[in-house]
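Heads up: the structure comes next, in structure tokens.
The values are calculated or read from the model by the stated rules, or taken from the named source; none is laboratory data. If you're wondering where the values come from, they're calculated on a predicted model, not measured in any experiment. Neighbour counts run over all protein chains shown; Cβ positions are idealised from the backbone, glycine included. The accessibility values were calculated without ligands, DNA or RNA, using every heavy atom of the protein model including side chains. Shrake-Rupley method; radii C 1.70, N 1.55, O 1.52, S 1.80 Å.
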Amino acid sequence: MASTKNVNDQSTDLHQFGYEQELSRKLTCKDLIIYGLIAMVPVAPFGIYGSVVVPAQGMVAMAYLVGMVAMLFTAISYSQMSQAFPIAGSVYAYAQRGIGPVTGFISGWMIMLDYIFIPALLYVLSANSLKGLLPGISPVVWLVLFCAINTLVNIRGVEFTAQANKLFIIIQLITLAIFFACGIWGLYHGAGEGVTLKPFYNPATFSPTAILSAVSIAVLSFLGFDGVSTMAEETKGGNKVVGKAILWTLFLIGLLFVSQTYLAALIHPNYKTLGNLNTAFYKIAYQVGGQPLLVLTTVITILALGVASALVMQAALSRVLYSMARDKNMPAIFATIHPKYKTPYVSTLLVAGVSIVIGILFMNNSTTLSSVVNCGALFSFCVLHLAVINHYILRNHSQDYLRHLLVPVIGFIIVFAVLGNLHPVAKVLGTGWFVIGIVYYFIMRKVSGHSINLK
């Protein structure tokens, strides 16, 4: 009975923002944490370990620790805005409500750049990895298969998606546990140089420039926790649940990233002899677990990226499209809800189609694709911090200067610095996408004559 009352209270809260409760509230804080962990991929360092450990000059654990702290400021800002505006749409909704409709649209438009390219990139990476294990099957087949599976799961319902997420997180955690067991066994039997703090700090090679260079890569592994906020209208338990889940997700994923990279660096301290950076972690896994552990970590990475993480990123983008279409910032059809499963299935199908097209176009050029996936998110994070200051300090005269002024200012500086260090290709495409969004917005306003009247 209490649970029903709680859901009804949240529906009432939604009414004050001018919306009806259309999506099904099924998710708990635990579900959101699992969702966030899946989005950021607990085994993400498997694939990019070499790209982080080399610029960090061996201090890979420090790079991930600093990355987690850097993203903490953005997570806190997300937490604050999710409490003020517990509605779907993530940074689109927060910027729209916290600053204004135009800023909200641009933030939503830019975050779409990130959400659109990430699933395609994940499908491409996984499909190309399987080409090495099963060379007789075209990578395009795997791309379409992964996308089809995720689309069916997402349309089936948020509760079904949550169950799939639990299965994926268990598989990844079991894989990590096996790696930890093999790694500790390897250290005990003479692998590496023993237990030291060098993966965190090595005075002989420490350089702030080197660490910041590594952090600019490592911090991108933390992007994805923002997707938790897109599920606000499918969450039960009150408007503090989303913020709590975001912070817990960041802390837990940071703990997993730091611990696995620390152990890997202990097993193979001489990062200069890793060889191919794309397979560096798998080489370390082979050292302590032989061919079985190498195959296990490779396959799990493929599944974690191509199915699990892509699944939640597809769900996140479909919710952003749903939220924008509901406000008439996108074609109304994208706000269509499945009559049985209560999911934005038209948006989900659109995301699937776009992911397949982009994936096929960039099947043999994943480097270029990966260079643009973070531009939109980082831009939107900057706007998010400004929205916190505008909503809480300037509008409502908050006296909580720590969370509503200092944290967003520091967060803005950190994110802006990372944004400035992105690949030039990412900057060009990001700027082009921004300009297209501005043009689209004002053409849409002129043609429709519609202006948003926020309650």
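Pop the C-beta distance of ASN421 and TYR341 into the FRET formula with R0 = 45 Å and round what comes out to the nearest 0.05.
After rounding to 0.05, the efficiency reads 0.60.
Can you give me the accessible area per residue for segment 266-371, using a 1.4 Å probe, in Å²?
I get 39 Å² per residue for this part.
Evaluate the Debye formula for segment 302-348 with equal point scatterers sitting on the alpha carbons, no solvent, and hand back log10 of I(q)/I(0) at q = 0.22, 0.24, 0.30 Å⁻¹, in q order, two decimals.
The Debye formula, applied to the Cα set alone, gives -0.70, -0.77, -0.96.
Determine ³J(HN,Hα), in whole Hz, for all residues of segment 168-179 in sequence, where each value follows from phi through the Karplus function 6.51 cos²θ - 1.76 cosθ + 1.60 and θ = phi - 60°; x replaces Gly and Pro.
3J(HN,Hα) across segment 168-179, in whole Hz: 5, 5, 5, 4, 5, 5, 5, 4, 4, 4, 5, 5.
Can you give me the C-alpha center-to-center distance between segment 26-87 and segment 120-174, rounded to a whole angstrom?
21 Å
Measure nothing but the geometry: give the 0 to 90° angle between the long axis through the Cα atoms of 29-40 and the longest principal axis through the Cα atoms of the chain, rounded to 10°.
60 degrees
Here are a few candidate values for Rg and Dmax of the Cα atoms in Å: (1) 21.6, 72; (2) 26.3, 100; (3) 22.9, 74. Which one was actually calculated from the structure I just gave you?
(1)
What FRET efficiency would be calculated for the residue pair VAL102, ASN396, taking the C-beta separation as r and a Förster radius of 25 Å, to the nearest 0.05?
Once rounded, the FRET efficiency stands at 0.75.
For helix 2-15, report the angle its Cα long axis makes with the longest principal axis of the Cα atoms of the chain; keep it between 0 and 90° and round to the nearest 10°.
Here the helix axis deviates by roughly 60 degrees.
With label points built 7 Å along Cα→Cβ from the Cα atoms of ALA177 and LYS328, find their separation and express it in nm.
Here the answer is 5.4 nm between the modelled labels.
Given labels modelled 7 Å from the Cα in the Cβ direction, how far is it in nm from LEU167 to LYS240?
Spacing of the two 7 Å Cα→Cβ label points: 3.5 nm.
Quick check: at a probe of 1.4 Å, how many percent of the accessible area of segment 44-105 sits on carbon and sulfur atoms?
Reported share for carbon and sulfur atoms: 75 percent.
So what's the angle, to the nearest 10 degrees on a 0 to 90 scale, between helix 424-448 and the longest Cα principal axis of the chain?
10 degrees
So what's the gap between the Cα centers of segment 254-301 and segment 331-409, to the nearest angstrom?
First find each Cα centre; the distance between them is then 32 Å.
Could you list which residues have their amide H under 5 Å from that of THR343, counting only those 5 or more apart in sequence or on another chain, with H placed in the peptide plane?
It is HIS338, by chain and number.
Just to make sure I understand: if all protein chains stay in place, what is the order of LEU122, LEU349 by accessible area at 1.4 Å, largest first?
LEU349, LEU122
Hey, what's segment 54-103 come to in accessible area per residue, 1.4 Å probe, Å²?
Per-residue value: 20 Å².
Of the listed pairs LYS26/LYS342; LYS26/LYS166; LYS26/LYS240; LYS30/LYS342, which have alpha-carbon separations greater than 18 Å here?
LYS30/LYS342
Place a point 7 Å from Cα of PHE160 in the direction of its Cβ. Which residues in segment 325-369 have their backbone N less than 18 Å from it?
Of the residues in segment 325-369, 336-353 have backbone N under 18 Å from the label point off PHE160.
What is the percent of Cα-Cα separations in segment 221-360 that go past 28 Å?
When every Cα pair of segment 221-360 is considered, 39 percent fall beyond 28 Å.
For the pair SER207 and VAL69, how long in nm is the line joining their label points, each one 7 Å along Cα→Cβ?
For SER207 paired with VAL69, the spin-label model returns 2.1 nm.
Would you mind telling me the share, in percent, of accessible area of segment 234-380 contributed by carbon and sulfur at probe 1.4 angstrom?
Here it works out to 67 percent.
Give a residue-ordered list of calculated ³J(HN,Hα) values for segment 316-327 (Karplus: 6.51 cos²θ - 1.76 cosθ + 1.60, θ = phi - 60°; whole Hz; x for Gly, Pro).
Working through the residues one at a time gives 5, 5, 4, 6, 5, 4, 4, 5, 5, 5, 4, 8 Hz.
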